[in-house]
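Q: Mind looking over this structure? Questions follow.
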Amino acid sequence: MMKRSTLGGGALLALALLFVGLTILFDHALHGWRLDLTQNRLYSTAPGTDRILKSLREP
Amino acid sequence: MHNVGVILRRELRSYFATPLAYVFILIFLVLANSFTFYLGGFFERGQADLAPFFNFHPWLYLFLIPALAMRLWAEERKTGSIELLLTQPVTLWEAVLGKYFAAWIFAALALALTFPIWLTVNYLGSPDNGAILAGYVGSLLLAGGFLAIGSCMSALTRNQVIAFILGVVVCFAFLLAGFPLVLDVFRSWAPQALIDAIASLSFLTHFESIAKGVIDIRDFLYFAMLIAFFLLATTIALDVRKAE
């Protein structure tokens, strides 16, 4: 029978690692899911820009 | 879920039964506004936005929120009322959530009372109200993150002063992770991936990116996961040290 505090400590450590791991993973994986609330859409590209960017061919 | 509501209402009412609520709200409003006008140079900048207002929120919360959170569990332990609470037909988890959300709603109330600064900036010019809304959302999430850390630190000890100091130190560490002060130490030798990883754990990085007017799902998920993690940690700490 493991001690309750050991069990709790282990669970905490696992959770902390999960938190750090998920934060770093999401930072890389979830690009572009954003809501631009500024009035002039300062941080978004215009539809025209998107079309130009799509038509660019990668070297 | 019904029990969460009951504890929430009881806690929220207890804030206003003592001078705590009024002192906290008054100090928060006075400091937030004087920082904006004096340190932030609200008039001198000549720009109609609330950047000088939101820029000081992390530093204001750094010592005000742990002061709010320190009593959550440490006080219950000190007075022994934790025994009474946990022998009621509520689970530990419901008690943690109820107390936490009551504190968060209280912090949201203090934040909502800063609305005169929004009226002021709209009277003086035509600011970007979308960016201001994002700033308020970011500030609320930031307060939630600080409160979750404070709740966890409060569950670790029966002494409120220790809970306060631990809360400030842990919150400070989470703030500083995105600051050049820390990042420059790593910048000279560590790979960029590690620097990005450290910066991605910082309150400041996520708060600033929301406060400029863009709500990114990554910033939102970061705060949600941080709050969930520290509330789980609170529950574990209480469960392990229930008898002490």
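The values are calculated or read from the model by the stated rules, or taken from the named source; none is laboratory data. Predicted, not measured: the structure shown is a model, and the values here were computed from it. When we count neighbours, we look across all protein chains shown, and the Cβ atoms used for this are built from the backbone with ideal geometry, even at glycine.
Q: Within the stretch B:132-162, take every residue that is β-branched (Val, Ile, Thr) and closer than 18 Å to residue B:236 by Cβ and give me the one that is nearest to the other protein chains (Cβ to nearest Cβ).
A: Only one residue tops the list, namely B:149.
Q: May I pose another question? Can you run down the residue pairs with Cβ atoms below 9 Å, 6 or more apart or on separate chains, where the first is in the stretch B:199-215 and at positive phi and the partner is assigned to a loop (DSSP other than H, G, I, E, B) and acidic (Asp, Glu)?
A: B:213/B:128
Q: Which of the residues that make up the stretch B:196-220 are among the charged types (D, E, K, R) and over 17 Å from residue B:184 (Cβ atoms)?
A: B:208, B:212, B:216, B:218, B:219
Q: Need a quick list: helices (runs of 4 or more DSSP H) entirely within the stretch B:173-244 having at least 1 residues that are hydroxyl-bearing (Ser, Thr, Tyr) and surrounded by 19 or more Cβ atoms within 10 Å (Cβ to Cβ).
A: Per the criteria, B:203-211, B:217-240.
Q: Would you confirm whether or not the stretch B:31-50 contains a residue that is among the small types (Gly, Ala, Ser), at pLDDT 90 or above and at negative phi?
A: Yes, that holds for at least one residue.
Q: Still on this structure, I have one more. Name the residue that is surrounded by the fewest Cβ atoms within 10 Å (Cβ to Cβ), counting only residues in the stretch A:1-13 that are more than 7 Å from chain B (Cβ to nearest Cβ) and under 16 Å from residue B:152 (Cβ atoms).
A: Here the answer is A:13.
Q: All but one of (1) over 22 Å from the mean Cα position of the chain (by Cα); (2) of a type in the set (A, V, I, L, M); (3) farther than 18 Å from residue B:240 by Cβ hold for residue B:111, so report the exception by its number.
A: So residue B:111 meets the others, but not (1).
Q: Here is a follow-up. Condition (residue is in contact with a Pro (Cβ under 6 Å, 6 or more places away or on another chain) and either assigned to a loop (DSSP other than H, G, I, E, B) or basic (Lys, Arg) (or both)) applied to the stretch B:42-54: is it met by at least one residue?
A: So far as the stretch B:42-54 goes, yes, one or more of its residues are in contact with a Pro (Cβ under 6 Å, 6 or more places away or on another chain) and either assigned to a loop (DSSP other than H, G, I, E, B) or basic (Lys, Arg) (or both).
Q: Right, another one. Given the condition within 7 Å of chain B (Cβ to nearest Cβ), without any contact (Cβ under 8 Å) to a residue 40 or more places away in the chain, in a helix (DSSP H, G or I) and farther than 21 Å from residue B:224 by Cβ, answer yes or no: does some residue in the stretch A:30-42 qualify?
A: no
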